[in-house]
Amino acid sequence: MDLKDRLKKMIIEELQLEEITAEEIDDDAPLFGEGLALDSLDAVELVVQLQIYFGVEIKSIDEGRPALQSVNTLAAFVEERMVEAT
Amino acid sequence: MRIAVHGIGLVSGLDTRHSDVGSIFDQDSPGFPPGEPIPGNCRNKYVYRSDSSNLARYVSKKRLRRVDHYSRMALLGAGRALEDAGQNQFSRDTTGVIVASGHGALKTTFAFLDSYIEKGDKLSVPIHFSNSLHNAAASYISMIYGITGPCLTVSQFDMSFFSALITASVWIRQGVVASVLVGCTDEFSDVTGYCIHRFSEEKGGNRDKGYSAGEGAAFFLLTGEGEPDGSAYGYFDEICMENSSDREIDVPEGSLVIFSSGTFDRCARDRVNGFIEKNGADVFVHDVANFPTDSGFDAAFAIREKQAERLCFVKPAENGGYGKIVFDKN
């Protein structure tokens, strides 16, 4: 399973999005507002779950805002941090 | 001023186990089939779990995604009470919400604490935290059903429902609101099962003695007495909590007395048995699917199902006191 699929699976399971499948999530669709229509509590949950699943920490709003735009931006952020860690 | 009961909503594990739930208060009923055995080394200990899947009738699945089982039971009970009352009986702007719970959202609370212990404070699960708060259920009811009056959660263990009902009565009497959606909810968790097992050994002294746990919700839409128009089930005449173990339980003459007696406390059980010995026939002891706020549950069942003109609900408390509600059909 590639990173984007793992992220989608994490989002669906941890944010309890029962009515959507991983295939239905567009890689470029906004996570908040439009698209998946997540809210601020989901953002907090995502930050925690990223650390649990991937060991990647979002330390500030400045880091989080660009990273949490879409599955694509999230995957790029996680990949970059994982490379840095190695 | 008496308090009129307009709508009743129930959620119970007994629904799924018995086609005629009304027979819960029938002395001659063959009884309910046993619930699901409580996990662990317990004999004759059962639990009746509630199903809240019918909630989709009132709330879209999308709005429920973060709502846990505890709050779903409350939402379903509240939705049924509002539907039962009918739209004409209340205005959402002048209705208050009061939810009574002895234990709150047990499963979610323990899930949150587990995540805290296993992963530390920085990585404990935020959604579990928000749902573990005692006032989560009342808040969901207010937000999802658009009820904008005051919103309160009451937790006083066995006496929670009585306390909530007293507050609802005060709100109506003082004109704070025109109506109150008041109810109770409690859920069963594995930890509850463990405690039942331990209490049956330590307090009852007989681990084989039967016990039946439950979970569920019961809600009432209440208003002031107003002019009788036949829309009310009847009226709460008296609601009280008595703290003294010295005084006898005082019940109105001619009323059918219903005890919610699911307790391991010997003093409370002795009190019920003493009352029955002295007062005889018109007493029913409900001892199936017990949980801390089951007196609200018993009241809802009996008001709907029993033909008696006057009902008196009593719940003995561990401190030797008791809670009492007198309901009059006319």
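Derivation of every value follows stated rules applied to the coordinates shown; laboratory data play no part. Computed from a predicted structure; not experimentally measured. Every residue, glycine as well, gets a Cβ built from its backbone with ideal geometry; the counts of neighbours run over all protein chains shown.
Listed values, structure above:
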read-out	value
Relative contact order for the range A:1-60, counting Cα pairs under 8 Å that sit 6 or more residues apart, in percent	24
Residues of type lysines that residue B:315 reaches as a straight line, Cα spacing below 24 Å, ignoring anything fewer than 8 places off in the same chain	B:45, B:203, B:209, B:278, B:306, B:324, B:329
Sum of side-chain charges, residue A:40 neighbourhood, beta-carbon under 13 Å (Lys, Arg +1; Asp, Glu -1)	-1
Residue exposure sequence - B:107, B:306, B:315 - by fewest surrounding Cβ within 10 Å	B:306, B:107, B:315
Shielding score for B:120-129, defined as the mean number of other chain Cβ atoms within 10 Å	4
Burial ordering of A:24, A:14, fewest other beta-carbon atoms within 10 Å first	A:24, A:14
Relative contact order, percent, the range B:154-247 [alpha-carbon distance under 8 Å, six or more residues apart]	35
Residue order, fewest to most beta carbons within 10 Å, for B:257, B:326	B:326, B:257
Whole-percent pair-distance distribution, where bins are 20 Å wide, for the alpha carbons of the protein assembly as shown	25, 49, 22, 4, 0
DSSP beta bridge pairing in chain B, given as percent antiparallel to the nearest 5	60
Most fluctuating residue given options B:253, B:242, B:309, as computed from a GNM of chain B linking Cα atoms under 10 Å	B:253
Angle between chain A longest axis and helix A:3-14 axis [Cα atoms, degrees, rounded to 10]	60
Computed Kirkwood radius, in angstrom, where 1/r is averaged over Cα pairs of chain B	20.1
